[in-house]
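The values are calculated or read from the model by the stated rules, or taken from the named source; none is laboratory data. These figures come from a predicted structure and were not determined experimentally. All Cβ positions, glycine included, derive from the backbone under ideal geometry; neighbour counts span all protein chains shown.
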Amino acid sequence: GPVVKFDDVKFHYDADRPILKGISFEVPAGKTIAVVGPSGAGKSTISRLLYRFYDVIEGKITIDGQDLRDVTQESLRAAIGMVPQDTVLFNDTIAYNIRYGRPGATDEEVRKAAELAQIGHFIESLPKGYDTPVGERGLKLSGGEKQRVAIARTILKGPPILILDEATSALDSKTEEDIKSALDVVSANRTTLVIAHRLSTVVNADEIIVLRDGQIAERGTHHRLLVKQ
Ligand code: ADP
Ligand code: ADP
């Protein structure tokens with residue numbers, strides 16, 4: 001897989017308020033790096049910069065040495081799968097929502113992706129609350145379940161780089177556990193950046209970066225960070 005590198009990245013939304021004050025880290029090929037830190041620290045901003053919703057203001061982000069600003073939007077979208085905090089689903093079956101990741105996929109491939117994301121049991125259901133005619137297949141999805149639909153979609157798409165911005169909403173421990181195992185499956189052999197709102201979901205990350213006040217305050221394995229506390 002590709003190597004993603006942040007090199008002294010600085011960013012602000014408003015000029016008088018720096019958000020990232022010079023962030024450097026590497027996501028090695030096929031590894032998983034998690035970014036944790038208090039709310040407002042700039043974690044999601046990191047994911048938005050990598051997906052190029054915004055451009056860095058100083059410093060650079062590279063993929064295999066190539067500056068992100070020199071990568072076409074098209075090849076960037078092909079290379080990176082983004083699982084956002086809040087997934088908006090189409091008003092159709094879960095299977096339809098997953099197939100959107102790769103429209104040519106067979107039913108079998110859609111089913112397989114759903115099973116890997118642990119939602120194989122409800123792919124024929126319709127997500128409720130999206131103006132869906134509430135029938136017997138209507139199913140109210142939690143934030144975590146919607147996120148697993150997005151994970152299944154990304155598994156099907158199969159990009160070499162993955163960004164997962166964890167749901168911020170409170171999840172019950174079962175959902176949290178399900179997301180953790182779905183994440184372990186989808187991140188295997190992909191270069192993965194996880195924006196984590198809970199340390200418990202990223203125990204298996206190769207490295208955890210603690211972001212505080214726009215800077216990297218600490219980094220290490222889950223084990224090392226826990227021991228240090
Ligand atoms: P985190 O993910 O760590 O909670 P974010 O990266 O979402 O933090 O946000 C970092 C800071 O930037 C927050 O203080 C937030 O209010 C601010 N922010 C986020 N998005 C915008 C925006 N589009 N315009 C202005 N400020 C923003
Ligand atoms: P979330 O609250 O789901 O983490 P974001 O990460 O997008 O949402 O934003 C984090 C914070 O940044 C929120 O408090 C939000 O109010 C603020 N924010 C987001 N977009 C903007 C914006 N365009 N201008 C100012 N503040 C923003």
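Among what's in the stretch 21-32 and is out of contact with any helix residue (DSSP H, G or I) (no Cβ under 6 Å at 6 or more places or on another chain) and crowded, with 18+ Cβ neighbours inside 10 Å, pick the residue that is modelled with the lowest pLDDT. Result: K31. Does the stretch 72-84 contain at least one residue that is in a loop (DSSP other than H, G, I, E, B), free of Cβ contacts under 8 Å to residues at least 40 places away in the same chain and more than 16 Å from ligand 1 (Cβ to nearest atom)? Scanning the stretch 72-84, I find at least one residue that is in a loop (DSSP other than H, G, I, E, B), free of Cβ contacts under 8 Å to residues at least 40 places away in the same chain and more than 16 Å from ligand 1 (Cβ to nearest atom), so the answer is yes. Considering the stretch 65-81, the residues that are small (G, A, S) and within 15 Å of P160 (Cα to Cα) include one that is surrounded by the fewest Cβ atoms within 10 Å (Cβ to Cβ), namely S75.
Which numbered condition trips up F90, out of (1) at pLDDT 95 or above; (2) aromatic (F, W, Y); (3) away from ligand 1 (no atom under 16 Å from the Cβ)? Every condition holds for F90 apart from (1).
Between T201, T191, T221, T132, the distinction of being modelled with pLDDT under 85 and touching a Gly at 6+ places or on another chain (Cβ under 8 Å) belongs to T132 only. Please find, within the stretch 6-44, the residue that is nearest to ligand 1 (Cβ to nearest atom) out of those that are part of a loop (DSSP other than H, G, I, E, B), of a type outside the set (D, E, K, R) and farther than 17 Å from D165 by Cα. Per the stated criteria, the residue is A15. Please go through the stretch 33-64 and pick out each residue that is more than 16 Å from ligand 2 (Cβ to nearest atom) and either touching a residue at least 60 places away in the same chain (Cβ under 8 Å) or crowded, with 20+ Cβ neighbours inside 10 Å (or both). Answer for the stretch 33-64, where residues must be more than 16 Å from ligand 2 (Cβ to nearest atom) and either touching a residue at least 60 places away in the same chain (Cβ under 8 Å) or crowded, with 20+ Cβ neighbours inside 10 Å (or both): I33, A34, V56, I61, I63, D64.
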